[in-house]
Amino acid sequence: MTGASPLLEIDRLVIGGADGTVPIVDDLSLTIDRAASLGIAGESGCGKSTLLLAMMGIIKPGLRRRAGGCRFDGMDLLNSDDRALEKLRGGRVALIPQNAGTALTPNIRIGDQIGEVLALHTDLTGDALQDRVIQLLRQVRLPTPERLRRRFPHELSGGQLQRVGIAMALAGEPELLLLDEPTTGLDVTTQLGILQLLADLRRERNVAMICVSHDLGVIATLSDRVAIMYSGRIIEAGPTAQLLRQPAHPYSRALLASIPRLSTARIPVSIDGRPPTPQQHLPGCRFAPRCGHAAEDCLSGAPELASTDGQNWVACRHPLAGAVDGALDTADGASRGIAPAVPQIAIDDLSVTYQRRGILDALLPRPPGRLAVDHLSLVLRKGEVLGLVGESGSGKSTILKAISGLWPVLSGKATFGAGTDLSAPVGGRDRTTLRAIQLIFQNPDASLNPRHSVREILAQPLRLYFGLSAGEIGQRAAALLKDVKLDASYLD
């Protein structure tokens, strides 16, 4: 990954805690040229986001730079003062966050937030600044930008918020765009629109892009080159089309084999085991404990990233050759233990609206306004999995909120099990029903309490629903983390 005059250069960067644990970013080097695009892929926890923040001169609390450097157009990002970095961020280097909804200030109008960026990084004022806000919103293909700029973030859908985030990133006319999981949580049609927009903007503005994602489909759409990260290191890199067609590292192949494919009835193959924790010091290749091709020499001395042909790089003593094998294990519904005869949830003629209805609405026979869910009926049987698919605003999340009691039902009926009424809001439900129906939210970082440790967060439902003692809670919390492939060290 070399260029005649790199825009960004990372040289043997090491970022980790001060406690002797394995680094989060470990002896990592890469460059990106002007107007180039690079995708960085890997499992959660491999160091992608830590690396992305370093590209803006940010080291997260609890971590420090142990060695190496990161330079943007000759500027040492990790040794510059705050004033220089403030001028750079949002100007020459801009970030499009994973979730624009949590990145935007909830009580400031959309247009004013974009205006803040323009005021900081351009000379525009007054009407010229407002005209530029409208122009940016129109550029990211948002409807009626004159009206939309006066709205607050909660009045926009997820796809619209992501486009606002892109507009804010473009306001300072950046030379480098950093994309942190730019389409996570969006429906497929909105995701496609965002990816096409970013590709068009790159072509029109000649801006360099670095896209960090666990989604290889997003990487393939946006990036000329791709780097695969594992446990803080780049283990393979090369032109996107070639690497995704003929990966040489066993981990890269395992990632591709784990992608669900609509074109086949076969299910994806998961990677056995778990990535090493920062507390695990492994003397050899850090993927070796999970690798089906590991040999004795893989267990001593970490392999260096080496070029195979000047374009492709791999850190493996026994690289694989040939195209990826598309064969995946098969499964069908009959083998999943589905018992289709027993209804678990029954929804009959359910309607939900986000319009707050007052006393006059109850007294006068007038229509409720636009329905978010319009006379829906369905049955979910015990052991069955139902997928709800549709664009943003089609009512998918509203159905879940109504079932879980987080939003009131306007009309119709929903029952659970032997006839428990689900029309009651969450505050009116008994403890058994509350325990039996659980919701996994779209954004964990927005739904978890940032002031509580993982131990405290897990202790609350264990104490509420099962009455466990402090010692029992600790054991059960550790077991729950193990169930979701996390180490007990994350509890605190």
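So the values come out like this:
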| read-out | value |
| --- | --- |
| Checking Gly91 against (1) free of Cβ contacts under 8 Å to residues at least 60 places away in the same chain; (2) part of a loop (DSSP other than H, G, I, E, B); (3) small (Gly, Ala, Ser), the condition it does not meet | (1) |
| Count of residues meeting criterion [surrounded by 18 or more Cβ atoms within 10 Å (Cβ to Cβ) and part of a strand (DSSP E or B)] in segment 28-53 | 8 |
| Single condition Asp123 does not satisfy, out of (1) of a type outside the set (Lys, Arg); (2) assigned to a helix (DSSP H, G or I); (3) open to solvent by 70 Å² or more (accessible area, probe 1.4 Å) | (2) |
| Single residue of Ala199, Ala128 found to be at pLDDT 90 or above and more than 17 Å from the chain's Cα centre (by Cα) | Ala128 |
| From Arg253, Arg274, Arg233, Arg202, residue being over 25 Å from Val140 (Cβ atoms), of a type outside the set (A, V, I, L, M) and touching a strand residue (DSSP E or B) at 6+ places or on another chain (Cβ under 8 Å) | Arg233 |
| Segment 460-488 - residue that is open to solvent by 60 Å² or more (accessible area, probe 1.4 Å) and polar (S, T, N, Q) and, of those, nearest to Leu448 (Cα to Cα) | Gln460 |
| Test: Arg132 is out of contact with any Lys or Arg (no Cβ under 9 Å at 6 or more places or on another chain), of a type in the set (D, E, K, R) and open to solvent by less than 60 Å² (accessible area, probe 1.4 Å) | yes |
| Positions within segment 54-76 being under 15 Å from Asp26 (Cα atoms) and either open to solvent by 40 Å² or more (accessible area, probe 1.4 Å) or more than 19 Å from the chain's Cα centre (by Cα) (or both), in sequence order | Ile59, Leu63, Arg64, Arg65, Arg66, Ala67, Gly68, Gly69, Cys70 |
| Residue list for segment 428-451, restricted to those being farther than 27 Å from Gly158 by Cα and open to solvent by less than 70 Å² (accessible area, probe 1.4 Å) | Gly428, Arg429, Thr433, Leu434, Ala436 |
| Failed item in (1) free of Cβ contacts under 8 Å to residues at least 40 places away in the same chain; (2) outside any loop (DSSP other than H, G, I, E, B); (3) open to solvent by 60 Å² or more (accessible area, probe 1.4 Å), with Glu9 passing the rest | (1) |
| Filter result for Lys413 (over 21 Å from the mean Cα position of the chain (by Cα), of a type in the set (Lys, Arg), within 30 Å of Gln280 (Cα to Cα) and surrounded by fewer than 16 Cβ atoms within 10 Å (Cβ to Cβ)) | no |
| Only one of Pro145, Pro174, Pro153, Pro182 that is over 25 Å from the mean Cα position of the chain (by Cα) and at pLDDT below 95 | Pro145 |
| Test: residue in segment 388-403 that is in contact with a Phe, Trp or Tyr (Cβ under 6 Å, 6 or more places away or on another chain) and either open to solvent by 60 Å² or more (accessible area, probe 1.4 Å) or modelled with pLDDT of 90 or more (or both) | yes |
| Pair list, Cβ under 6 Å, 6 or more apart: segment 16-27 residue open to solvent by 30 Å² or more (accessible area, probe 1.4 Å), other residue not in a loop (DSSP other than H, G, I, E, B) | Ala18/Arg64; Ile24/Ile15; Ile24/Gly16; Ile24/Thr50; Asp27/Arg12; Asp27/Val14 |
| Selected residue [of a type outside the set (Lys, Arg), open to solvent by 50 Å² or more (accessible area, probe 1.4 Å) and either in contact with a helix residue (DSSP H, G or I) (Cβ under 7 Å, 6 or more places away or on another chain) or closer than 18 Å to Gln191 by Cα (or both)] from Gln160, Gln113, Gln139 | Gln139 |
| Residue that is farthest from Ser270 (Cα to Cα), among those in segment 234-254 that are open to solvent by 40 Å² or more (accessible area, probe 1.4 Å) and over 24 Å from the mean Cα position of the chain (by Cα) | Gln242 |
| Residue that is farthest from Val207 (Cα to Cα), among those in segment 77-108 that are touching a strand residue (DSSP E or B) at 6+ places or on another chain (Cβ under 6 Å) and open to solvent by 40 Å² or more (accessible area, probe 1.4 Å) | Gln98 |
| Counted residues, segment 214-247 - those being under 19 Å from Cys316 (Cβ atoms) and acidic (Asp, Glu) | 1 |
| Test: residue in segment 468-477 that is closer than 30 Å to Leu376 by Cβ and out of contact with any Pro (no Cβ under 6 Å at 6 or more places or on another chain) | no |
| Pair list, Cβ under 7 Å, 6 or more apart: segment 276-297 residue over 19 Å from Ser44 (Cα atoms) and open to solvent by less than 30 Å² (accessible area, probe 1.4 Å), other residue not basic (Lys, Arg) and not in a helix (DSSP H, G or I) | Gly284/Ser300; Gly284/Gly301; Gly284/Ala302 |
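The values are calculated or read from the model by the stated rules, or taken from the named source; none is laboratory data. Please read these numbers as outputs of a predicted model, since none were measured by experiment. Positions of Cβ are backbone-derived with ideal geometry, glycine not excepted, and every protein chain shown enters the neighbour counts. The protein model used for the area step is the full one, side chains on, heavy atoms only, and it has no ligands, DNA or RNA in it. Shrake-Rupley method; radii C 1.70, N 1.55, O 1.52, S 1.80 Å.
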